[in-house]
Each structure stands twice: as structure tokens, then as C-alpha cells.
Amino acid sequence: MALDVPERGLARSQRGGYTSRMSYLRVARSRLGILLALALVGTTPSRSQTTTNGYQPKWWKEAVVYQVYPRSFKDSNGDGIGDLKGITAELDYIHGIGVNVIWLSPHYDSPNADNGYDIRDYRKVMTEFGTMGDFDELLRGVKQRHMRLVLDLVVNHTSDEHKWFVESRKSKDNPYRDYYIWRPSKNGKEPNNWTSFFSGSAWKLDPATGEYYLHLFAEKQPDLNWDNPKVRHEVYDLMKFWLDKGVDGFRMDVIPFVSKDQTFPDLPKGAEAHPEFIYAAGPHLHEYLQEMNREVLSKYDGMTVGEAFGTTLDKTPLLADERRQELNMIFNFDAVRINQDNGHYRSWTLPEFKAIYTRQDRALDVHTWNTIFLSNHDNPRVVSAFGDDSAAYRVTSAKLLATMLLTLKGTPFIYQGDELGMTNYPFQGIEDFDDIAVKNAWKEYVVSQKVSAADFIANMRKTSRDNARTPMQWEASPNGGFTTAAKAWLAVNPNYREINAKQEVGDPNSIYRYFGQMNELRRKTPAFVYGEYSDLDPQNPKVYAYTRKLGEEKYLIVLNCSGEAVAYSVPGGVKPGQWVIANLARTEEHGSVLNLRPWEARIYKF
Ligand code: TEU
Ligand code: CA
């Protein structure tokens, strides 16, 4: 039934800004809508929603999300590992960035083969992170500050220590056998040539029954069999368990991979380098997501964002067009991975980068919402990858990236530490890394294929996920104030003496404070959320200049994405009084030429 997405969480979404002005009306309208729809069962319900620039307003379209990677956020008990109490203690710090949603990377019981993305018990908190009581306290603290909490839903696979898998591997007739994907060998080898993202075959021979199980990630992350309805209902139940506690939705880990072609053909020739495009194209994906929506999501006012690795832009509406009732939005990898191909660093140009956002804008209509992100726990630090992390330009370029992130079209995601301008880590050798992806790749490339260790490390210094996983830098004390232990689980970046939260919270010119200003500006500027996007100068190799227009309001965002001064001509010019914000001291310029300093970002309003 084409009932509008339930608005019953609206009472919670009245956070000021332009949402609140409309919310009474919307509550009234949605109740009326339900009555009307009930009265009109069998006829086509009419949709008389107020739209903004064609978009249906939703709280999650207007939100700014902050991702917390609990292991590296803050250690409260001196064991060297971040924990839930540590997050609760710093909620004011997070609130001070001006964000309104927190996405928590996995906090569930896990043996940590992949830092919590290998779950042993979906209803238990990881012992190192605390207790369910600590979780409830965190959730309360988030709500008290009028923020929302979104969890990581990792259900393409579990840990091999999950009780389902412990049972499943015991025998071919175990009741849990069909919870996972088991196949006999083919001609004495693996069932097909699928590869794992963490090196080697995606199949592992299990001695107990002499069959192979599928694992698209680590051996300790067996893939669940979503074609088994019991598995799907287990997932729906655990989702309800957390939603009923009051969490506000999910980020869904590699969600397009859940449906597999159970005939398991080999990867076609040419597809081997990027198997994600095959893995994301399973036959029942949309059927399962629509079922999940019907059974769970449609009953809550949560938000969902699918990590859609392997989903091409043309397929995005299949997952996120609101009329299809699957997910609210997805992460598209084109921008964040512009600088690497399959883990290998590649150089890129600004016109290539800008073209991605224009393509996204053209491919997605008013029914499909987008996300904007340039970093997370799987990618290098944003300022190192997209800005300039040298002493001269780190602060300015990090602020430029904040300006961009918060004014492009889509819900922005900020990764912890990026609000401080934290940088990549100066890795020297393999012993500096923790990530299973790096360790397995070392065995594959350096040990087996004799790739030079120096080349391997040089590449990982630019691309490794551990760059983003080093602990948060809270202050200038040992270990950056992350822990009182002698050693953190992963070394703190030695630049913590200059780059840390204590310094930045107290400095009105810091990156942290600039994020706060930009978020405040965004909150009162619907044009940055719903406004039309237009790239003014796609071929310019140094300047990214675009407009966001909503009704009579038009904003110009000019970003000098280079370390050189650039004289940039604005069509029509700018006048005194049109300046809104900049990442460097304001210069009184008007006329048609803007003299932009290196990494300068400015916003004007027309
Ligand atoms: O990531 C999956 C993913 O698509 C990649 O970013 C992947 O991490 C990378 O290609 C490997 O080098 C998700 C999680 O975000 C990641 O942390 C997990 O390791 C992975 O799924 C498995 O759960
Ligand atoms: Ca701890």
C-alpha cells in the first residue's frame, strides 16, 4: 500500500530550523493520511505532500551524520581500547560539531578478526566496549542532546564464532547448516573462482564435513545464506530488538551482497579485478530489501543508508528510490575511491572528481536521495587524501573540505577526527599495521609474489584503512589523551601534540570550530539541502565553483582546491554584502575577479 513513510517519529524530529515549522502540519497530515488511506482501501491513494524543490522533506535528508569508530574514540578504563563510556563522556564534544546523527560502527560481541565487522552475538555488547547498561546510557545521552543514534547492521556475514556457524559447520544435516553457504569441491578445487576482499579464494574448506563455505571477506566472516527465510527473519528480529530500544536506524554493511546466484558461476573474464560488481548483482536483492522494509523498516521512522559497494550509479534508484520502499540512501564509492584502484594508489584530477558529482546529480531524480562522504574507517584521512596535510595548508584545506562536504547535494557524513584535521599515519613497516586487509595483502604480494616491501608500505601509507583507525587525539598528553594505558591498541599519530581536540575546541579559528559554523549555516539554509546543484566550471583544474539554488535564494561556493593563488572570474561578479563565510580571513573583494589564496573556500549569497 502506498501509505506515506510513517511520520510518527516527528515529535522527536522537531529540532528547530525549517523542519519544526512544518512538523505540526505534517503530523496532522499524516494522521489524516492514514484515515484517508484506510477509507480508500482499494482505490489509489492520492499523494498531496508538500515538497521542496520537488523533494519530500525528511529529517534524514536534513541531517548531518558523524561516524564513531568505537575502538578508536575514547578509552574510559585504561585498557587501551575505546569504549561506550568513552563516547558518552564526549557527547558534548560531538554535539559541538553541530551534527545531529551519530553512526556507531559495530559495538556488538565479536572476536575482532575485522574490528567488530565479524559479529558473534548481535544482542550483546562487545566486552571491551562495555555492557548493555553502558549502551542504554549512551543512547539516553544522545537523545538528551536531541541527536539520533544509527547502528551498523552487518548481516551479509557473521563471525565464525557465532552460534549459528558453530552449529552449521558440525554436520551436513545440522538444523543450522542452511544458514550459511556450503558447497562441495569442484574437480578437486574450490566451487568457483570468487575471491575474497581480504586476499585469496572466497571459499574455505572445512574439515568437519569436507565442504567449502563462502566468505567474501575474512575466513572468520562466513557469508549468511539469505535465501533461507529463517536467516532473513533472524535479521529482522535483531533489527527490531535495537529499534525497539530506540535507535534511529542503520548503516547497512555491504548490503547489496546479500543475495547470491546460487549456481555460483565463475567471475566472467575481465571482472576479476572488481568482483564487487558481480557480488552486488544477486538475483533476489530487491525482493529481500522490500521484504525487510515491509517487515521492519516501515514500522519505524528510522533512517537507512546502504553501503553499496559494487553498485553502479544507474542501479542506485533500484535501492534508494523512495517509491520502491527499500533503503533511504546509499554510499556511492566513486568519489571516495577516486585515488585508488583495488587498493592501489592512483592519481586523479579535479575535473574527474567534479564530474562524479554532476553525474550523480543527473542520475538521481527527486525520488532518490544521495549521501556525501570522502572518508570513513575504510579509507585514508580526508585531509591527506583530498586536501594538503602539510603544515602550511592542513588547516585551510581541511576547512575547504568541510565547506564542500556540507554544501554538496546529499546527506553529509563526517568521520571522527576529520573535524580536527587528523592526518594519515607515517607507517614504516608491516608491524605498524593492525588491519587484516593489510596483513593478508602482505602475505599475498610481499611474501608470495615478492613485491618489494618498500613499495608495498609506500602504497599502504596512502591507501590503508588503518590511516583512519588510529586513536582520536584528545590532548597533548601521552597517547593523545586517548588512553591512560602505556599503549593504545593502535599507535596514536605522533602529531597529537599539535593536532588535538583540547587545542581546537579552545581556538575560535580551528577546524573543529569551523565545522560548527558551517553546520549552523547549513541548518538555516534549505538551499544547501534541497537546492539545485550546478557546476559552473567543470574543466577548471584548480577551482571547484558551484551554485545551490532554491527558489529565489542562490548560493555560490568557490573552492580553490590547489596550493597556488588563483584569480577566478565569477560570471556576473559579486557585490559587497553577498559574502557569507570563508575559511580564511575575509577579503573585501567585489567585481568579477576573485583573488583566491591557496585552498581558500568562500560562499556568497545572491
Ligand atoms: O566494507 C566493505 C567494503 O566494501 C570495502 O570498503 C572494504 O573494506 C575494502 O574494500 C577492503 O579493503 C565493509 C566495512 O565497512 C569494512 O570495515 C568491513 O571490513 C567489511 O565491510 C566487511 O564487513
Ligand atoms: Ca576501554
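The values are calculated or read from the model by the stated rules, or taken from the named source; none is laboratory data. Please read all numbers here as calculations on a predicted model, not as lab measurements. Cβ: placed from backbone, ideal geometry, glycine included. Neighbour counts: every protein chain shown. Ligands, DNA and RNA are stripped out before the accessible areas are found, and what is left, the full protein with its side chains, is counted by its heavy atoms. Shrake-Rupley method; radii C 1.70, N 1.55, O 1.52, S 1.80 Å.
Quick notes
- Only one of the numbered conditions (1) of a type outside the set (Ser, Thr, Tyr); (2) within 12 Å of ligand 1 (Cβ to nearest atom); (3) open to solvent by 10 Å² or more (accessible area, probe 1.4 Å) is not met by MET252, and that is (3).
- Against the numbered list (1) assigned to a loop (DSSP other than H, G, I, E, B); (2) within 18 Å of ASP152 (Cα to Cα); (3) within 15 Å of ligand 1 (Cβ to nearest atom), PHE197 comes up short only at (2).
- Only one entry of VAL247, VAL258 meets the criterion of being under 19 Å from ALA320 (Cβ atoms) and surrounded by 17 or more Cβ atoms within 10 Å (Cβ to Cβ), and that entry is VAL258.
- Taking the criterion of being surrounded by fewer than 15 Cβ atoms within 10 Å (Cβ to Cβ), out of contact with any Phe, Trp or Tyr (no Cβ under 8 Å at 6 or more places or on another chain) and in a loop (DSSP other than H, G, I, E, B), the residues of segment 452-503 that qualify are SER452, SER477, THR484, ALA486, LYS487, GLU498.
- Contacts under 6 angstrom Cβ, first residue in segment 458-480 being touching a residue at least 60 places away in the same chain (Cβ under 8 Å), partner more than 16 Å from ligand 2 (Cβ to nearest atom) and among the aliphatic types (A, V, I, L, M), 6 or more apart: SER464/VAL438; TRP474/ALA501
- Taking the criterion of being within 18 Å of PHE353 (Cα to Cα), assigned to a strand (DSSP E or B) and touching a residue at least 60 places away in the same chain (Cβ under 8 Å), the residues of segment 549-580 that qualify are ILE557, LEU559, ASN560.
- Any hit, segment 87-98, residues being away from ligand 1 (no atom under 15 Å from the Cβ), closer than 30 Å to PRO508 by Cβ, assigned to a loop (DSSP other than H, G, I, E, B) and among the acidic types (Asp, Glu): yes
- Pairs, first open to solvent by 60 Å² or more (accessible area, probe 1.4 Å) in segment 581-592, second charged (D, E, K, R), C-beta under 8 Å, six or more apart: HIS590/LYS575
- Residues that are of a type in the set (A, V, I, L, M), away from ligand 1 (no atom under 16 Å from the Cβ) and either closer than 22 Å to HIS146 by Cβ or open to solvent by less than 10 Å² (accessible area, probe 1.4 Å) (or both) within segment 67-86 comprise just one, LEU84.
- Filtered residues of segment 418-451 (kept if surrounded by fewer than 19 Cβ atoms within 10 Å (Cβ to Cβ) and small (Gly, Ala, Ser)): GLY429, SER448
- Residue under evaluation GLU161, criteria (1) within 18 Å of ILE119 (Cα to Cα); (2) of a type outside the set (A, V, I, L, M); (3) assigned to a helix (DSSP H, G or I), criterion not met: (3)
- Just one of the numbered conditions (1) crowded, with 22+ Cβ neighbours inside 10 Å; (2) among the small types (Gly, Ala, Ser); (3) under 18 Å from the mean Cα position of the chain (by Cα) is not true of GLY410: (1).
- Those residues of segment 59-94 which are away from ligand 2 (no atom under 16 Å from the Cβ) and among the hydroxyl-bearing types (Ser, Thr, Tyr), in sequence order: TYR66, TYR93
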